[in-house]
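Encoded as structure tokens, the structure appears first; notes follow it.
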Amino acid sequence: MFLRIITSLILCASFTLGSFPVLNRKGDFVRASYDSYTLTLCDGETLDIRLAGGKILFGGSASDREYSIALCKAKSHNVVRNFSGGGTSFTVDVAHYMDEDTLYTVIISYEVYGVTVTCGDNIIFKTGDDVHFWKSVNYEYNLETCSELWTDEQSLKECLEPMNDVECDDPVLIAYSDRICAGASDDWEKTFRIYYYIASEMAYDQAEANDSSGGYQDGAVSVLRDGKAICEGFANAFAALCRAQGIPAVVEFGIGFGDYDEMTTRVPTAEDWADHAWAAVFLGGKWHFVDPTYDMARVYNGRNDVKTYAEETSYYLLPLEAFSNDHRIYDADTGHGIPSAGICGDDATYEITRDGTCHISGSGRIKMPSGVNCFRKIVFEPGSNITTISKDCFSDCDLITNVIIPDTVKRIEDGAFDTCEDLEYVYLPEGLEYIGDEAFDYCDELSYVWIPDSVTHIGKWAFDDCPRLFISIPSHLDGFNDDYDMKPMFIERH
């Protein structure tokens, strides 16, 4: 998941009217389906934010503390008006300072754990004398996909266990976690320290993000030792450091809107791929979303070139309403499967069970529906006669670790297992004839593959960017790895 960081990401944005999909037929910004939501503060207290008329009303369980409120309009990155408030409830009258046909961001700042933190993804607009939350293209979509984050005892326990790239049981990682959290009073402070450490002490690896070759190792231990990563590495580190403290956390994948212009114009389709990773953490009886990449204070550009920016915590413990403004949630690396069933071919069906197994039955060609990839194991049921694994069938199924391809399969089409980042072993049967382009590209954990003599074609980059791979190739297949960005570790002929 290689998000190109936008170092100009800031908290304030404004947009003038145009042919944006966030506008209705009258040319007005679309109002969100809610007029209030609850912000969870870093120490676990809550602050309700509600819009009524031209005012913002603040209240909730938060104790008597002081807040700074900035109303921003950000095409010019200017603060339109600063406000202050305090106590358990207060009101800010903003309509007088707002123009119609413009989006504004409300930035809320306060002191906690000795630092100033901000919540800055609260986007509003004005119509007449009223202000409303802006409707994102992602919110309703995310309501469905975030339901994968279960809160039952078994599911939360699974979110404490080690998994590939989230090595929460590694002694090195445990030492990092204990050092970061030493002296913290509770899980809220521990989680904040972990997030703040990643966002302020580590660096976004722009040099790696610009590199076209694969094989990037983004396991939590490697990331912590190296001190830099790209988005998935930060998410892995956050989840692992939390789990080491007994705090459930998961890595999530989806689309990150790189700037506010993209946020207002881009409407994802079923063909769009996940291009970003972040995390979610379970605190106070609910799941919260965090994105350390978007709050990254340092950027590594290669060699000794490190740029430092203002430290931010704007994407920490966000409610779904605010997080959805620039994030589209596809799935999370949870230990369970979401029970479901459906069609995956003209004569084939699938069923996903609670234990994360995808059972495939039937015959002929199979293709999993777009977005259905929350499973850890693939089982081809006895009596099935699957002959073709279609293009992109299991692409981006991050959790599967091994696959036994049945003897009936003759063709594995382009990208069938592309970016299956946890896949370590695949069995290819005698009788297989065709392996398509990029069929196993970016399977960077893949360790051993035997290509049977029956294979007559291996497509371009079929096993590219698999740096740990030991692969055995029939002697009649020459030049299969020409033009690879990263060749397998070892190639033998048989």
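Bear in mind that the values in this text are calculations on the coordinates, not laboratory data. This is a predicted model, so every value here is computed, not measured. Glycine gets a Cβ as well: all are built from the backbone with ideal geometry, and neighbour counts include every protein chain shown.
Values for this structure:
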read-out	value
Charge tally in the Cβ shell below 11 Å around Ser447, where Lys, Arg are +1 and Asp, Glu are -1, Ser447 excluded	-2
Between 0 and 90°, nearest 10: helix 231-244 axis offset from the chain longest Cα axis	80 degrees
Magnitude of the charge dipole, the stretch 139-332, Cβ model with Lys/Arg +1 and Asp/Glu -1, debye to 20	640 debye
Farthest toward positive dipole pole in the stretch 231-368 [+1 Lys/Arg, -1 Asp/Glu at C-beta], among Phe323, Val290, Asn236	Asn236
J(HN,Hα) series, the stretch 65-73, from Karplus relation 6.51 cos²θ - 1.76 cosθ + 1.60, nearest Hz, glycine and proline x	10, 9, 10, 10, 10, 10, 9, 10, 10
Helix-only CD estimate at 222 nm, as mean residue ellipticity for the chain, using -39500 (n - 2.57) per DSSP H run (n ≥ 4)	-4000 deg cm²/dmol
Per-residue HN-Hα couplings for the stretch 369-385 [Karplus 6.51, -1.76, 1.60; θ = phi - 60°; Hz; x = Gly/Pro]	x, 4, x, 8, 9, 8, 8, 9, 8, 10, 10, 8, 5, x, x, 6, 9
The stretch 327-423, dipole about Cα centre (Lys/Arg Cβ +1, Asp/Glu Cβ -1), debye to the nearest 20	180 debye
Summed residue charge, Cβ within 15 Å of Thr353's Cβ, Lys/Arg positive, Asp/Glu negative	-2
Length added when fully stretched, Glu111-Lys410, from 0.36 nm per residue minus Cα-Cα	101.4 nm
For Cys344, residues with placed amide H under 5 Å, excluding near neighbours	Thr349, Tyr350
Size of charge dipole - the chain - debye, nearest 20, with Cβ of Lys, Arg +1 and Asp, Glu -1, no other charges	1180 debye
Positive-end residue of Ser475, Met368, Ser447, charge dipole of the stretch 354-477 with Cβ unit charges	Met368
Within straight-line cross-link reach of Lys410, lysines at Cα separation under 16 Å, skipping those fewer than 8 residues along the same chain	Lys367, Lys391
Loop GluC sites (Glu not before Pro), the stretch 232-290 (other Cβ atoms within 10 Å of the site Cβ: 10 or fewer; DSSP)	Glu271
From phi via Karplus (6.51, -1.76, 1.60), per-residue ³J(HN,Hα) for the stretch 138-145 in Hz, x at Gly/Pro	9, 4, 4, 4, 5, 4, 6, 6
Within the chain, percent of DSSP bridges classed antiparallel, to nearest 5	70 percent
Rg/Rh ratio calculated on Cα atoms of the chain (Kirkwood radius)	1.00
Total formal charge among the other residues, if their Cβ is under 12 angstrom from that of Ser363, Lys/Arg +1 and Asp/Glu -1	-2
Nearest 10 degrees, 0 to 90: helix 171-181 Cα axis against the chain principal axis	0 degrees
Rounded to 10°, Cα long-axis angle of helix 187-201 versus longest principal axis of the chain	80 degrees
